[in-house]
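See below for the structure under consideration.
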Amino acid sequence: MSFSSDVKTELCRTGLDRPCCARAEAYGALLYGNTFTPQEVRLITESESFAARLPALLGRAFGLKFDRMPGEGERKYIFQLTGEEKIRRIIDAFGFDSRQSPVLHINFGLLEEECCRAAFLRGAFLAGGSVTEPSKRYHMELVTSHAQASREMQALLTDMGRQPGQTTRNGSRVTYFKSSEQIEELLTLMGAPVSAMALMNTKAEKELRNGVNRRVNCEAANLDKAVDAAQEQLEAIRRLYELDRVEGLSAPLKETIILRETYPELTLSQLAEEFDPPITKSCLNHRLRKLVELSRT
């Protein structure tokens, strides 16, 4: 199963105890579902959990049953209402005139309580939402064909302290989030704290892995520099021998030549410890630079 499917499965475990929240969840599902007009309500989903929840949701919110239920062997679950009286009851419950399109606006009066707002978002996500596998990227979206409802969803989320983006795709309006923190907060708010924790854990693992990679790359780069510097120093020593200048060098420089040749793989810090007594890294670096300079004159 995908991460998005797991989220929907977890959301569908939320109880339908409060009628106001059931109505708000159904509201979100209808606005972000496939068809919601005075003539027809149609919801199509591939989520088995949401399909199992929908009949109970409709019953709890409005005391109604679907006119059409999914058939055996169907790849997608299709729910439909065509009875005018049933649809009129739903539209009336949302505070609209059943003779007009009910999808033009969100009735914010039904979403004054935080629990109802969370339920509304849950319904919208179950019907028209998705969230990308967090190991790939952070992206959560709500998609609807109703432009006004989408704009008012953005206003609702902004009022709740969220900052969604808006775009269009294939004629539909998309409200989206790319911040992992905001996605975690929304998942928790809607009723999927386990999924939110899974996202946080994945994010922590990615940050740890990236940190290790950066450190390894940094250490590898430093090692390359150390190797290049050691090769330059050994080449300088070789030239000094060829020029017959080693015997005329001071005792500290002669000692430095012997130890550099003996331990060509050591870093400056490690090599400085081999002196008797040990010297500082700065002192050793000065001696080696001096040998390089002498080899060039």
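Give just the number: which of (1) closer than 17 Å to residue 138 by Cβ; (2) open to solvent by 70 Å² or more (accessible area, probe 1.4 Å); (3) not aromatic (Phe, Trp, Tyr) does residue 199 not satisfy?
If we test residue 199 against (1) closer than 17 Å to residue 138 by Cβ; (2) open to solvent by 70 Å² or more (accessible area, probe 1.4 Å); (3) not aromatic (Phe, Trp, Tyr), just (2) comes out false.
Could you grab me the full set of residues in region 174-186 that are surrounded by fewer than 21 Cβ atoms within 10 Å (Cβ to Cβ) and not in a helix (DSSP H, G or I)?
Across region 174-186, the qualifying residues are 174, 176, 178, 179.
Does residue 130 satisfy the condition of being modelled with pLDDT of 95 or more, surrounded by fewer than 24 Cβ atoms within 10 Å (Cβ to Cβ) and not basic (Lys, Arg)?
yes
Being closer than 21 Å to residue 2 by Cα and free of Cβ contacts under 8 Å to residues at least 40 places away in the same chain narrows it down to one of 181, 133, so name that one.
Exactly one residue qualifies, and that residue is 181.
So which residues in region 10-41 are surrounded by fewer than 17 Cβ atoms within 10 Å (Cβ to Cβ) and not in a loop (DSSP other than H, G, I, E, B)?
Correct list: 19, 20, 35.
The values are calculated or read from the model by the stated rules, or taken from the named source; none is laboratory data. Note that the coordinates shown come from a computational prediction; the quantities given were computed from them, not determined experimentally. Virtual Cβ from ideal backbone geometry, glycine too; neighbours counted across all protein chains shown. When the accessible area is computed, the model is the full protein with side chains, heavy atoms only, and any ligands, DNA or RNA have been set aside. Shrake-Rupley method; radii C 1.70, N 1.55, O 1.52, S 1.80 Å.
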